[in-house]
Every structure is written in structure tokens, then in C-alpha cells.
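Structure record follows, encoded as C-alpha cells.
The values are calculated or read from the model by the stated rules, or taken from the named source; none is laboratory data. This one's a predicted model, so the numbers in the text were calculated from it and none came from an experiment. No Cβ is skipped: glycine too gets one built from the backbone with ideal geometry, and neighbour counts run over all protein chains shown.
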Ligand code: GAR
């Protein structure tokens, strides 16, 4: 079955949803590695509980982004990872990883791309005053949240909403959508045709 690595920087609710789906037999992949750039992040303990090996590093211990990415790339190769799943990994990724994993690296972003790329997408949407935002899963290319889109789900913004209340609804949608998309990829249903992603 498909061998995946999950990259995360924070709470890890998406990591947990993926691990739970695997555990429940709903998702036929093996999680070979968690990659995390924040030693104190809750996702590290989640990986430990799930029995998933973690590579945890401090970017400051390295001379450059490329230097730690070379080390990550070696680990991905050692583990024969087929698919890299970015799940709240809050760092820019360079060509060191993007090129070898072109078409094999996906990201989840808490907005309806191409609206509100980058950090704090939920805050950006609230501040703009949109009535509908959402969740996007896309392949990663060299740009900022710019690769071919695999799936999107809408989330309404309601009167009285705060960043916290919108985030709660977004996270619930993410935790359903991300394992679903990974299952489509694992089943060979997803192909890239230029800008467009086809799902059969
Ligand atoms: C998720 O909402 C994800 O969409 C977002 O970070 C959160 C991580 O939550 N990603 C980005 O903003 C990427 N630019 P989690 O750690 O609980 O999975």
C-alpha cells in the first residue's frame, strides 16, 4: 500500500484524522514518518501515541532551508515514501523537496484557493468579509499555495462568527476531506493534466 509521510508544525488534528482513518481500516496507506519543525508541537505526542516514527528538527540548527530539506529528503528516500502530505506545516518548501516529489506532494489550506493564500487564511477571510470560505486540497508546486487543485469544500461564514468559530467548522471539514483525498490517491483515482486534476 501507499507509503506516506505527514509534515506538520502544530496541533496535528489533521495528522490525527489520517492516523485514525488508517487505524480504523478506512484508509489503506502506511504512515512511515512524521516530519515536524517544532519540538514542542502537540503533533509530536500524537505521533508517539500512534506509533509513528518522527523526525523532529529545529530549523535554527541548520545553515539554511536547503540544508534541513536535504536531511528530510534522505529520510523520505530511506523510508521509500510515495506521497508527502502537508498538514499544517508552516514553512516554505524549496525545490530540494518540491522537485523530487512533484505530483507526489499535497497540501491542505483553510480557504477557497486562490483566495487567501499564505498565513492566517481564516483571519484574512473574516477580515475581507466574505460570506463563504472553505478548504482546499492541492498538489504542491513551486509557488505559495498555487498548485493544481484536487478538491474543495465550502464553509459558510455566519453572523457573529469569530476566528475560533470559523476555525472549528473548517477543521471539521478538513478532517473529513483530507483522509478522503488520500484514499482517492492511494486507489489510483487521481491524475494531473496540466492545471487540472481529474478524479475517476
Ligand atoms: C489546518 O487548518 C491547515 O489547513 C492549516 O493549518 C491547520 C493545521 O491544523 N494550514 C495552513 O494554514 C497552511 N498554510 P492541525 O495542526 O490541527 O492539523
Among the residues that make up region 181-197, is at least one of them part of a helix (DSSP H, G or I), within 24 Å of residue 3 (Cα to Cα), in contact (Cβ under 8 Å) with a residue 24 or more places away in the chain and touching a helix residue (DSSP H, G or I) at 6+ places or on another chain (Cβ under 9 Å)?
yes
Looking at 123, 134 in this structure, which one is in a helix (DSSP H, G or I) and either at pLDDT 95 or above or away from the ligand (no atom under 11 Å from the Cβ) (or both)?
123
Of the residues in region 108-120, those that are within 11 Å of the ligand (Cβ to nearest atom) and in a loop (DSSP other than H, G, I, E, B) come to 110, 111, 113, 116, 117, 118, 119, 120
Please pick out the residue among 85, 43, 22, 6 that is modelled with pLDDT of 95 or more, in a helix (DSSP H, G or I) and within 11 Å of the ligand (Cβ to nearest atom).
43
Restricting to region 21-39, and then to whatever is free of Cβ contacts under 8 Å to residues at least 60 places away in the same chain and more than 18 Å from residue 68 (Cα to Cα), can you tell me which residue is surrounded by the most Cβ atoms within 10 Å (Cβ to Cβ)?
31
Meets criteria (touching a residue at least 40 places away in the same chain (Cβ under 8 Å) and not in a loop (DSSP other than H, G, I, E, B)) for residue 168:
no
Condition first: in contact (Cβ under 8 Å) with a residue 12 or more places away in the chain, more than 20 Å from residue 81 (Cα to Cα), within 12 Å of the ligand (Cβ to nearest atom) and assigned to a helix (DSSP H, G or I). Can you find one or more residues in region 148-162 that meet it?
no
Being assigned to a strand (DSSP E or B), under 15 Å from residue 83 (Cα atoms) and in contact with a helix residue (DSSP H, G or I) (Cβ under 7 Å, 6 or more places away or on another chain) is the filter here; which residues of region 25-40 pass it?
29, 31, 33, 34, 35
